[in-house]
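Bear in mind that the values in this text are calculations on the coordinates, not laboratory data. Predicted model only: the values in this text are computed from it and were never measured. Here the Cβ is made from the backbone with ideal geometry for all residues, glycine too, and neighbour counts use every protein chain on show.
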Amino acid sequence: MRLFAAEDTKKVDALYQQSDWNKIIALLGRKPPEEYDDIRLLNDLAVAYHQLQKFDQALAVCEQIGKLEPNPDLVRQQTELTPRYMRYHAIMGEVLYRKGEMDRALDIFTRLKVVGTRFSDKYYYSGRIHTKKGNYRMALFEFKGMVDNVPNRIRDAIRGLGELIAACPGQAEVYAQLHRACQQSGKLDEYLSRYKKELAEAPGALPAGLKVASLLFHKGDKAGAEKILASLNPEDNREKGWLALVRGDWALGEKGAPGAMPHYQAAEALLPPGDLTLVERLEDLLRRPDAGPDIRSKLAKLSEAGGDAERACRHLEAIVAALPADAEARTSLGRVLRTMMADAFAANDLEKAGGAADKLTQYFPQDAEAAAQAQQIREVLRSRRKEELERLLAGRIVPSKAAQAHFELASLERDFGAGEDVILSHLQKAAVERSPVRAEALREMSRIHLEKGAFDVAESVLDILFSLKLVEENRLEWGYDAAEAFEGKGQRKPAQKYYAMVAAADAGFRDAAAKAQALGQALQAAPQATAPAAPAGPVDPIQFLSRRYDGIVELGRGAMGVVYKARDKILDRQVAIKMILGDLGKDPEALGRFITEAQSAAALEHPGIITIYDIRTDDPMFIVMEFVDGKSLGGLVAGRKLPVAQFAKLAIRICEPLAFAHQAQVIHRDLKPDNIMVTKNGGVKVADFGLARKGGGSGMTQVGQVMGTPYYMSPEQIRGGAVDGRSDLYSLGIMFYELLTGAVPFKEGDIAYLHMHEEPPRISLKNPEVSKPLEDIVLRCLKKTPEERYQSVDELLEALKALA
């Protein structure tokens, strides 16, 4: 969120406190709103225009704020901006209401509900909008919320209730709320006199008469209330029906549902079929213990007669669920469902038509015509959804949404009878790192491979699945299902493996422990192969990798290992594989560091840190990681000075993932340009947490071990002492120095001694374009003692961003 502009916000704030709206406009209105990027200033300008009733100008300012923050998180705004600077939301809603843009206004006021009872206009204008749109029950709900939560705006609530009564005099509960609001205002008698005056000016007017009668009734003057009702004597049947409803409401309070029903039945004969003022009252009766048994049947008939098939369907389903043998209700339900399906077809609403068809097959499984229609609708809906998802994937879409789309497409393709390759292709794309459906996609992939007999591939996929952080219930259920599936295919070894995994997690889960034991004994008792064992020897790494990867190409080789690019055949993605050469596996300490690399990096989920996918500690040893299509920073710079403007952006991008790692208490310990990958689009990925140490624990790197790359090592690292995140800051400083000057500060001679005792040459001597503030930042990173450096990467980031 952009908040700060060059204007004197304190001056604007003082004017705001003084309610000097003209001066605020004079100060801020000199420039068009689009030249401001401070939401606070724009909010105050919108308030000033609104206070002076300059609604068009207020709307223009609010729309500019919308461009700055198109999808605001109102809960976060409440903390960061404070409610004062959020007034523009309510102002925009009110102005849109005044302009007749009801839907946009209602959307704004609805979103304001998340901030609790603040911004009382959300009740008032939402109620008025619902009244205008004929959503009278929703309007009543909003005005009731206003009475409950905004006592200082009772007058507005009463005004809104009056508008609702004028629009629909028969609305249920409205008169009880009006009495409560008038009483809460402390001016009940004053409002009663006002309404009596209205009635005197328009004798027989139903809204005024019902307001007077209801206030008298709730005051206890029942005779006076009845006298007013008798004087109204409307000629219109609907108004007569509303009078009957009001009498029923009064009887309900005194005599319960049995006393109210005769009045409601009288109203039924007068009102149009399915009239909501009656239907809603009868639905409220259903929640009362004294309601009669036939009310729901009456509701179903009224709703069907009024053309509200969905409402009729709900009531008939409830009757059939309670009384399965009620043939009349079941017949009516079938008729209503067919009406719903036909109406939905006519409106081209296949979702609704499909829902009705599905219910028909549920309640009438022998109805072949309904089953065929349901199947036909489902196929059309699936086809439409498939096209919609494919269009979505063809455009710009965030990775998480793309993964979900591919997962859904895999299911749709299966329904359409697509081949396994097509389905697997979608599942592979759904199973990418950080996908919200990764676990589900992997599980489906394992099922497909298992069904077609690719047992080793299925097992590999399941191993990936169970390496994830799963809900324990899913781990147990899915593990047991996998074991059963392998056992059913005669694959006893993987079956025993997954039964044992489940039993280890929960010894009492079904019969997993017993099955694991039985299969284990069976495997031990099985006759061993009599063929001579193959002669022991080194494993060919390429041949081993080819079991799961293809397209294997060597990218680079060093004394300790070789890096390959390959394609994961299971997950269909490019990967980098770091194969470890030599006798690392025979050295427990070195092996521990190797495992630490994977554990440290795998725990860090950040777009600026290369993701670890897999690790193998047996021969051949390797780590599988994210393939970065780019070059190392060392290869890109290669002794050249980086332009200062380019350096500033790059330095921030390098620091951000490192700050994230330090917050997770992971120290890199080998930062250098070759361990910074720059993607083709300019992104940065930090690689090789090979010497990383998890801070706060005993660690695996002991005092006295010198680990790292000498040109970039901190003095404390050279001494073999304990290190923390400030050692990485020193290495960053060396890197930054090199990027700005084209060379590291200490390149010849006793490098270790120079790092520990000599000050680096000033950067500006080698690159005059480097400003003193930037030079000071880099040289502070290169202080000999950790206490003199920045104390965190976050602190360094703040300094770099302030300079940029």
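Convex hull volume of the Cα atoms in the range 209-280, per residue, in Å³?
82
Along the positive direction of the dipole of the range 1-115 (beta-carbon charges: Lys, Arg +1; Asp, Glu -1; about the Cα centre), which of Gln64, Leu106, Gln17 reaches farthest?
Of Gln64, Leu106, Gln17, it is Gln17.
Rank by packing, highest mean first: peptides 327-337, 227-237, with packing defined as the count of other Cβ atoms within 10 Å averaged across residues. Can you show the working numbers first?
Values: 327-337: 17.8, 227-237: 14.0.
So the order, starting with the most tightly packed, is 327-337, 227-237.
Å³ per residue of the Cα convex hull, for the range 273-318?
Working: hull volume 2.8 nm³, N = 46.
For the range 273-318, the hull spanned by Cα atoms encloses 60 Å³ per residue.
With charges only on Cβ, +1 for K and R and -1 for D and E, what is the dipole size of the range 120-162 about its Cα centre, in debye, rounded to 20?
160
Please name which of Val279, Ala403, Ala213 has its Cα lying farthest along the dipole of the chain towards the positive end, using unit charges on Cβ (Lys, Arg +1; Asp, Glu -1) and the Cα centre as origin.
Looking along the dipole axis, the top candidate is Ala213.
Can you give the FRET efficiency to the nearest 0.05 for Ala507 and Ile718, using r as the Cβ-Cβ distance and R₀ = 41 Å?
0.20
Would you kindly state how much longer the chain becomes between Ala327 and Leu468 on full extension, computed as 0.36 nm times their sequence separation minus their alpha carbon distance, in nm to one decimal?
The Ala327-Leu468 span can extend by a further 45.5 nm.
If you average the C-alpha positions of the range 780-804 and of the range 130-206 separately, how far apart do those two centres end up, in angstrom?
Using only Cα atoms, the two centres lie 64 Å from each other.
Could you work out the local net charge near Arg382, counting Lys and Arg as +1, Asp and Glu as -1, over the other residues with Cβ closer than 11 Å to its Cβ?
Net local charge, Arg382 excluded: -1.
Relative contact order for the chain: what percent, with Cα pairs under 8 Å and sequence separation of 6 or more?
Normalised by residue count, the contact order of the chain is 4 percent.
Taking every Cα atom in the range 156-298, find the radius of gyration and the maximum pairwise distance Dmax, and write them in Å.
Cα radius of gyration and Dmax of the range 156-298 are 14.8, 45 Å respectively.
Counting Lys +1, Arg +1, Asp -1, Glu -1, what net charge surrounds Lys565 among other residues with beta carbon under 10 Å of its beta carbon?
Net local charge, Lys565 excluded: -1.
Which whole-angstrom value gives the distance between the alpha carbon centres of the range 359-398 and the range 75-109?
Taking the Cα centre of the range 75-109 as reference, the centre of the range 359-398 is 38 Å away.
Could you tell me which of the pairs Lys489/Lys569; Lys452/Lys631; Lys113/Lys801; Lys133/Lys352; Lys23/Lys67 are separated by over 29 angstrom between their Cα atoms in the structure shown?
Violating the 29 Å limit, Cα to Cα: Lys452/Lys631; Lys113/Lys801.
Please give the Cα centre distance for the range 273-308 versus the range 714-734, rounded to the nearest Å.
77
What size of dipole, in debye to the nearest 20, comes out for the range 295-385 about its Cα centre when the only charges are +1 on Lys and Arg C-beta atoms and -1 on Asp and Glu C-beta atoms?
Computed charge dipole of the range 295-385: roughly 160 debye.
Quick one: if the Förster radius is 30 Å, what FRET efficiency do Asp349 and Lys301 give, using the C-beta to C-beta distance and rounding to 0.05? Mind dumping the intermediate values first?
On the way: r = 25 Å, r/R0 = 0.82.
It comes to 0.75.
Could you give the angle, 0 to 90 degrees to the nearest 10, between helix 136-149's Cα long axis and the longest principal axis of the Cα atoms of the chain?
Once rounded, the angle reads 70 degrees.
Explain nothing, just the number: dipole magnitude of the chain about its Cα centre with +1 on each Lys and Arg Cβ and -1 on each Asp and Glu Cβ, in debye rounded to the nearest 20.
On the way: 109 positive and 113 negative charges, 289 e Å.
Charge dipole, the chain, about its Cα centre: 1380 debye, nearest 20.
List every residue whose amide H lies under 5 Å from the amide H of Leu555, counting only residues 5 or more places away in sequence or on a different chain, with H placed 1.01 Å from N in the peptide plane.
Val563, Tyr564, Lys565
Taking the Cα centre of the range 631-804 as the origin and placing charges on Cβ (Lys, Arg +1; Asp, Glu -1), which of Leu774, Ala799, Pro657 is farthest toward the positive end of the dipole?
After comparing all options, I get Pro657.
Give me a comma-separated list of calculated 3J(HN,Hα) values for the range 489-503, in order, Karplus coefficients 6.51, -1.76, 1.60 applied at θ = phi - 60°, integers in Hz, x for any Gly or Pro.
8, x, 9, 6, 5, x, 4, 4, 4, 7, 4, 5, 4, 5, 5
Does anyone have the angle between helix 455-466 and the longest principal axis of the chain? Alpha-carbon axes, 0 to 90°, nearest 10?
The angle comes out near 70 degrees.
Ranked highest first by the average count of other Cβ atoms within 10 Å around their residues, in what order do 247-253, 140-146 fall?
140-146, 247-253
Over all directions, the average projected area of the alpha-carbon convex hull for the range 1-158 comes to how many nm²?
Hull-based average projected area comes out at 9.1 nm².
What is the sum of charges, Lys and Arg at +1 and Asp and Glu at -1, for the other residues whose Cβ falls under 9 Å from the Cβ of Leu740?
After counting each charged neighbour, the total is -1.
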